[in-house]
Amino acid sequence: MKRPVLESRKDVVSAVICAYPGGRIYAAADLGMPIKKFDNQAYENAGSRPLTDEHIHRLEQVVGTTFLPDYVSAMYGGMFVPLTIPGTLDNIDLYSRSVKAAAKRGKVDQIISKALDDGVIEPTEAEAIVAALIRYMSARHAEVLATIQLYGRGAAV
């Protein structure tokens, strides 16, 4: 999935709601909230407190996104690396992770190549390169941890 790390928590909430199947009405129902209360909390209207991290996490579990941990990790200069659930790995999963990581590395190289066409890497191009690099490094790190988890003898990950 090609997406930047979002710049604010409000952007995160908005992206999760946009990605939610059925939109805000279904998201509100999933959280057991009336739509008006959900809207007020999601968009921080009328002095309402924002949705909690737990609310956002629950919605992201349905959608399959990681907007919130990506955002928080970026605030600290890091990257989010999703860990696998023990017992769910096999060689097919490892191969799939390997292919996806390689594709993300290729994307980094493509962005660099395109940026160098004019001989100068502009600030927006640098941001795109770093964002793609973070996505690659996260995928590669998750791939290596999954390999250790599947084949490691007593290795804790």
Residue among Arg135, Arg58, Arg97 that alone is of a type in the set (Lys, Arg), modelled with pLDDT of 95 or more and within 30 Å of Arg9 (Cβ to Cβ): Arg58
Residue that is nearest to Val81 (Cα to Cα) [pool: residues in the range 98-130 that are crowded, with 17+ Cβ neighbours inside 10 Å and not charged (D, E, K, R)]: Ala101
Residue in the range 129-141 that is more than 20 Å from the chain's Cα centre (by Cα) and free of Cβ contacts under 8 Å to residues at least 40 places away in the same chain present: no
Close pairs (7 angstrom Cβ cut-off, 6 or more residues apart or separate chains): within 15 Å of Arg135 (Cα to Cα) in the range 50-77, among the basic types (Lys, Arg) anywhere: Tyr71/Arg9
Residue satisfying condition, being modelled with pLDDT under 95, more than 22 Å from Ser73 (Cβ to Cβ), of a type in the set (A, V, I, L, M) and part of a helix (DSSP H, G or I), within set Leu145, Leu150, Leu116: Leu150
Matching option when the condition is within 18 Å of the chain's Cα centre (by Cα), within 15 Å of His141 (Cβ to Cβ) and not assigned by TED's automatic domain parsing to the domain that holds Pro21, among Pro82, Pro69: Pro82
In the range 72-83, the residues that are out of contact with any Ser or Thr (no Cβ under 8 Å at 6 or more places or on another chain) and either crowded, with 17+ Cβ neighbours inside 10 Å or not β-branched (Val, Ile, Thr) (or both): Ser73, Ala74, Met75, Tyr76, Gly77, Gly78, Leu83
Output for the range 78-109, where each listed residue is more than 27 Å from Cys18 (Cα to Cα), of a type in the set (D, E, K, R) and free of Cβ contacts under 8 Å to residues at least 60 places away in the same chain: Asp93, Arg105, Asp109
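The values are calculated or read from the model by the stated rules, or taken from the named source; none is laboratory data. Here the structure is a predicted model, which means the values were calculated and not measured. Cβ atoms come from the backbone with ideal geometry, glycine included; neighbour counts cover every protein chain shown.
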